[in-house]
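These notes are about the structure you will find just below.
What follows is calculated from the coordinates using simple rules that are stated; it is not laboratory data. Quick caveat, the model's predicted, so the values are computed rather than measured. Ideal geometry is used to build each Cβ from the backbone, glycine not excepted, and the neighbour counts take in all protein chains shown.
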Amino acid sequence: MRILQIGVGDPVGRPDVSRASRTVKEQEMEKAAETQYPVHELIAKRWSPRAFEPRPVPSEAVRSLLEAARWAASSFNEQPWRFIVARREDSEEFERMLGCLMEGNRSWAKDAGVLILTAAKEAFTRNDRPNRSAVHDVGLAAGNLSLQATDLGLRVHQMAGIDLEKIRETYRVPEGYQPVTGIAIGYPGSVERLPEPLRAPEIAPRERKPQSELVFSGTWDNPAPW
């Protein structure tokens, strides 16, 4: 098991995966959101493909992604997130983590450059009381990671389809920690690499429910008037 830990003083150079260095194929795979209101470019451009180019992600980029996650907000600054990382270059570890995904996810995640399993520390260190925000905070860290990846020309797909018990057994996850999600990270790849049922969603327009269905005021299900 390999868990990457980044200290405060560790140097992190910007990897050479800038917008200028992206290939035509990578640029074609961008599907910017058609938002109702203006948002930051990184938010509009972030999406979750399944088609990856089967090549490694530089160490510097991986460390930058995890550094972005490290600086996410958390309740009482508990930082309950933990990341188990397997890189494509380490084929044995990569295959071991791939085996912890549900079969449907393994079919495409095998092409990713990096696989990550996330976990949440279930109790506060300060008083050992349950931290009901722990999973939420893991999500915030993963969100930071996703936006940093978008800025570097990488793509991220997060997965709920993981084998919780197998993860606990394989990585000896201790009591008090809860496996949460899987994350695939890599470079945009050809849709033709995907199994047929997954190709149509890959090229379909991105959709979201309107704010009127999600944002309430006064009482439940009463859309905010503003």
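Quick notes on this one:
- Partner lysines for residue 45 [C-alpha distance under 28 Å; skip if fewer than 8 residues away on the same chain]: 25, 31, 110, 209
- Straight-line cross-link reach from residue 121 at under 19 Å between alpha-carbon atoms covers these lysines, not counting any fewer than eight positions away in the same chain: 166.
- Considering all different alpha carbon pairs of the stretch 41-196, the Kirkwood hydrodynamic radius works out to 15.8 Å.
- Per-residue extension of 0.36 nm, minus the Cα-Cα distance of residue 33 and residue 132, leaves a gain of 32.5 nm for this segment.
- The residue list 58, 125, 139 was ranked by how far each Cα lies along the charge dipole of the stretch 41-196 toward its positive end, using unit charges on Cβ atoms, and 125 comes out on top.
- Taking each DSSP H run with n ≥ 4 as -39500 (n - 2.57) and averaging over every residue of the chain yields -9000 deg cm²/dmol at 222 nm.
- Residue exposure proxy: 94, 216, ordered by other Cβ atoms within 10 angstrom of their Cβ from fewest to most, comes out as 216, 94.
- The stretch 41-196 - charge dipole about Cα centre, Lys and Arg +1 at Cβ, Asp and Glu -1, debye rounded to 20: 280
- Ranked for footprinting exposure by Cβ neighbours inside 10 Å, fewest first, 220, 71, 47 give 220, 71, 47.
- This ranking places 221, 151 by how few other beta-carbon atoms lie within 10 Å of each, fewest first, which gives 221, 151.
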